[in-house]
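Take a look at the structure below.
Every number in this text was worked out from the coordinates using simple rules, so none of it is lab data. In this text the structure is predicted, and so the values were computed from the model without any measurement. Here the Cβ positions follow ideal geometry from the backbone for every residue, glycine too, while neighbour counts run over all protein chains shown.
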Amino acid sequence: MSVECTHVRLGVELAGLSDIGCQRETNEDSYLYWESADDQEFLRKGRLAVIADGMGGHEGGQEASRLAVETVREVYGNGFSENPQTALIESFAAAHTRIVNYAEQHPAFQGMGTTCTAFVLVGHQLYFAHVGDSRLYLIRDSRISRLTRDHSYVGRLVESGLVRAEDAERHPQRHILTAALGAGLEVAAEGGEQGMLLQDGDNLLLCTDGLWGVVAEDELEHAVSKYAPAACCAALVKLARERGGPDNITLQILHIGP
């Protein structure tokens with residue numbers, strides 16, 4: 001198990017890890033981190049992290065998640081508007097269109113789709129966009145807050161009060177999505193309308209349901225608060241595998257330093 005510690009500019013510490021889990025034959029998750037090599041462009045565009053969990057068969061899921069993270073990076077990096085939030089939403093729309101077109105051109109991949117969650121950090125200002133049930137968490141002062149809302153059947157049940165939040169992650173239908181890139185004619189990504197100001201010492205956690213489905217939020221908070229990002233990625237994947245690892249497990253952790 002090799003933890004990826006991408007080279008980044010000073011100010012943050014970053015690590016990411018993706019693991020096939022214990023019960024799957026292939027890994028249909030994808031993730032990436034990007035920042036511009038140009039200093040002036042970096043000041044405008046900041047740091048981009050993306051994670052995706054594909055579906056639609058082994059090759060279909062792999063291809064959908066790969067297309068999602070690569071398109072978000074390409075569109076955000078190359079076609080940037082003045083507003084990072086707007087640029088993120090545009091990149092998600094482009095990824096959805098690219099996945100739909102790919103499936104139309106390759107009939108064997110009909111039904112392919114993917115979750116996608118991404119954030120941009122410009123200075124200490126956070127922007128994010130989201131489709132599906134991969135999650136973005138903020139860990140601050142030993143408290144964890146989920147910034148994204150699951151686009152899933154069970155998520156709707158929780159919002160309507162029919163299922164308790166503490167029961168949702170064990171619900172037998174928790175994997176049924178109500179939105180995904182590549183599914184339907186169009187998909188509207190969700191995100192905060194304005195940037196959120198972060199603080200030194202804050203931690204951001206991106207993860208697929210292969211992690212949050214078997215590791216509780218208080219356990220995520222404890223691990224992120226205790227370990228440096230690389231050690232935390234390894235510890236959380238190890239814990240998820242010890243609990244059966246029923247799905248692919250992928251996460252990125254970014255720690256904001258002074």
Requested in this report: Name the long-range amide H neighbours of H151: under 5 Å, sequence gap of 5 or more, or other chain; modelled H, no Pro or chain starts.
Outcome: G132, D133
Query raised in the report: What range in the chain is the longest one free of trypsin sites (Lys or Arg not before Pro) that are in a loop by DSSP and have at most 16 other Cβ atoms within 10 angstrom?
Result: 10-148
Report summary line: Least to most buried among S36, S142, S18, by other C-beta atoms within 10 Å and fewest first, runs S142, S36, S18
**Report entry** Percentage relative contact order, the chain, counting C-alpha pairs under 8 Å, at least six apart
**Finding:** 27
Report task. Starting with the fewest neighbours, write out D53, D133 ranked by other beta-carbon atoms found within 10 Å of each beta-carbon. Result -> D133, D53
Report summary line: Descending packing, highest mean Cβ count within 10 Å first, for 86-97, 203-214 is 203-214, 86-97
Query raised in the report: If we count other beta carbons within 10 Å of each Cβ, what is the order of H130, H124, fewest first?
Result: H124, H130
Query raised in the report: For the chain, what does -39500 (n - 2.57) per DSSP helix run (n ≥ 4), summed and divided by total residues, give at 222 nm, in deg cm²/dmol to the nearest 500?
Result: -10500 deg cm²/dmol
Query raised in the report: Where the Cα atoms of region 65-138 are projected onto their three principal axes, how long is each span, largest first, in whole Å?
Result: 44, 26, 14
Report summary line: The long-range amide H neighbours of A183, using H built 1.01 Å from N in the peptide plane and a cut-off of under 5 Å, are T114
Report summary line: Hull surface over four for the Cα convex hull of region 1-119, reported in nm², is 8.1
